[in-house]
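Data block below; observations after.
The values are calculated or read from the model by the stated rules, or taken from the named source; none is laboratory data. If you're wondering where the values come from, they're calculated on a predicted model, not measured in any experiment. Virtual Cβ from ideal backbone geometry, glycine too; neighbours counted across all protein chains shown. Keep in mind that these areas ignore ligands, DNA and RNA; they rest on the heavy atoms of the full protein, side chains included. Shrake-Rupley method; radii C 1.70, N 1.55, O 1.52, S 1.80 Å.
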Amino acid sequence: AESGDHRFRIEVLYQTDRNGGLSGQARVLEQSTSRDLRGGLLWFFAPDNPEMLVKLLEGCAVNAHWWVFVSGLTDVGYTVTVTDTATGEQWTRENPDRNLALPVSDVEAFPCSLP
């Protein structure tokens with residue numbers, strides 16, 4: 001997923017040892033036609049079985065940062081990487097395979113002002 005202003009890129013890679021080992025890149029469930037997409041519902045194996053929600057929120061007026069929220073709906077291992085394409089800075093979180101994913105809220109993920 002990429003935001004409409006193209007400042008951020010979201011990538012989710014999954015991996016599990018089940019069924020002989022499966023891995024790949026998560027895909028966005030196409031529910032929004034908005035060109036200002038800042039996240040989405042993602043699936044790993046089938047579009048009718050969403051695995052996680054990733055959301056970026058502009059909190060600049062509150063604390064001068066972009067916020068990142070991740071809600072995993074799975075126990076499949078994954079790595080979420082959000083890249084600020086303006087600075088190259090990356091925000092990464094992992095969930096080990098066979099561990100129930102816990103929600104992540106980071107309200108200081110990226111500064112709003114660019115260097």
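Laid out as a table, the results:
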quantity	calculated
Contour excess over end-to-end distance, with Cα ends at Asn99 and Ser23 and 0.36 nm allotted per residue	25.8 nm
Protection-proxy order for peptides 98-107, 78-87, 53-62, each taking the mean of Cβ atoms within 10 Å per residue, highest first	78-87, 53-62, 98-107
Å² per residue, accessible surface of the chain at 1.4 Å	58 Å²
Sulfur and carbon atoms: percent of accessible area, the chain [1.4 Å]	50 percent
